[in-house]
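Just below is one structure, and these are the notes that go with it.
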Amino acid sequence: MVAEPIGVIEPDAQLSQAALRAHGIVADAVREAPETQDASGTVHIERLEVPRPVARLLIRILDDLSQGHAVAVHTIASGEEEVSTSQAARILGMSRPTLIDLLEKGAIPFRRVGTHRRVPTLDLLAYKARMGQGAMPSRAEKLRALEESADYTDRLGLGY
């Protein structure tokens, strides 16, 4: 199974400031919300402005949760210069063997640490930008497209 790519947001000064404002609003809303017996209690946020890349990532998180999938968030700190091949594959939304092929063909630089490969984060993000994977369709969009394709095939009487 090919993994859905992780949304990566590289903040500039404007995005960082907007995120800081949004963080304050969300943190206040969480603090003011009454505690519930279970973790699924809701928090009401009257109006929240977030940068568009953050909103897209939030939609992705909510989409995954609504389908019963677990969600993990991994912060790529500025000091984290390398990632494992598993992390790199997840960021690119491909299988680890496919990533290894790309590494071995020289498409993305890497170094070996014993028998393990480490991928420089900046090179990985540059490859992701070159491949245009920042605008990957959501899982729901992919499913809709597949269903439309199957319907079209049925209408043509081609079967499968």
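Nothing in this text is a laboratory measurement; each read-out follows from the coordinates by a stated rule. What you are looking at is a predicted structure, and each value in this text was computed from that prediction instead of being measured. All Cβ positions, glycine included, derive from the backbone under ideal geometry; neighbour counts span all protein chains shown.
Count Lys and Arg as plus one, Asp and Glu as minus one, and take only other residues whose Cβ is under 14 Å from that of ARG47; the net charge is then -2. Working value for the range 82-132: equivalent-ellipsoid semi-axes of 16, 11, 10 Å, each the square root of 5 times a Cα gyration tensor eigenvalue, largest first. Annotation: amide H of GLU82 within the under-5 Å range of THR121, sequence separation 5 or more or interchain, hydrogens built in the peptide plane. Our coupling estimate for the range 85-94, obtained by passing each phi through the Karplus curve with A = 6.51, B = -1.76, C = 1.60 and θ = phi - 60°, is 5, 5, 5, 4, 4, 5, 4, 8, x, 9 Hz, Gly and Pro reported as x.
Between ALA13 and ARG31, the modelled labels are 2.8 nm apart [label points 7 Å from Cα along Cα→Cβ]. Legend: calculated FRET efficiency, HIS23 to TYR152, from the Cβ-Cβ distance at R0 = 35 Å, rounded to 0.05, equals 0.20.
Between ALA107 and GLU81, full extension at 0.36 nm per residue minus the direct alpha carbon distance yields a gain of 7.5 nm. Remark on ARG117: its backbone amide H falls under 5 Å from those of THR85, a criterion applied only to residues 5 or more positions apart or on other chains, H modelled at 1.01 Å from N. Here the simple spin-label model places points 7 Å from the Cα toward Cβ, and for LYS142 and ALA70 these points are separated by 1.9 nm.
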